[in-house]
1. Modelled label-to-label distance, THR60 and ILE118, 7 Å Cα→beta-carbon offset: nm?
2. Mind listing the long-range amide H neighbours of PHE100? Cut-off is under 5 Å, sequence gap 5 or more, other chains count too, H placed in the peptide plane at 1.01 Å from N.
3. Taking the number of other C-beta atoms within 10 Å as the exposure measure, put ARG1, ARG48 in order starting with the fewest.
4. If I model a spin label as a point 7 Å beyond the Cα along the Cα-Cβ vector, how far apart are those points for ASN15 and LEU132 in nm?
5. With +1 on each Lys and Arg Cβ and -1 on each Asp and Glu Cβ, and nothing else charged, work out how big the dipole of the range 64-126 is about its Cα centre, in Debye to the nearest 20.
6. Counting other C-beta atoms within 10 Å, which of SER81, SER69 has the fewest, and how do the rest follow?
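Nothing in this text is a laboratory measurement; each read-out follows from the coordinates by a stated rule. Note that this is a predicted model, so its numbers are computed, not measured. Quick reminder, even Gly has a Cβ in these numbers, built from the backbone with ideal geometry, and neighbours come from all protein chains shown.
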Amino acid sequence: RQRRWLELLKDYDTNIQYHPGKANIVADALSRKSGMIAGIKVEEEIIRDLERLGIELYDTRLVVPNDVSLREALLTEAHSSPFSVHPGSTKMYHDLKQYFWWSGMKRDVATFVARCLICQQVKIEHQRASGLLQQLDIL
């Protein structure tokens with residue numbers, strides 16, 4: 001296939017040069033997907049709206065105020081919703097960390113997961129051992 005292209009291009013007086021994507025500034029605006037640009041604009045608008053409402057941001061994450069009931073609701077939703085299926089404290093912290101921030105968040109997540117009754121019952125270390133293995137007789 002490449003050989004055919006070479007034979008075809010030999011008939012023309014051409015000069016082919018490679019330009020890496022970042023160096024190709026001429027086609028930059030046209031080569032980008034329009035959905036990516038629209039997403040960036042929407043995110044900037046949302047951030048401006050949040051700032052106008054007085055909601056604080058830490059980088060791109062929402063700062064959760066020091067309200068115990070609000071934090072408890074966030075933790076409950078992140079841990080007990082049908083989509084999350086009781087994640088462990090590490091996964092739950094990483095999931096929440098993408099969107100929210102508050103002081104002591106990692107500690108609060110670990111405490112919340114440790115208090116979850118369902119997680120305590122299902123954890124393998126809390127289940128009764130099935131018994132010792134017995135050696136089979138060789139015939």
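1. Those two pseudo-labels are separated by 3.0 nm.
2. Those qualifying (amide H under 5 Å, at least 5 residues apart or on another chain) are LEU62.
3. Fewest to most other Cβ atoms nearby, the residues stand as ARG1, ARG48.
4. Placing both labels 7 Å along Cα→Cβ, they lie 8.5 nm apart.
5. 180
6. The order, fewest Cβ neighbours first, is SER69, SER81.
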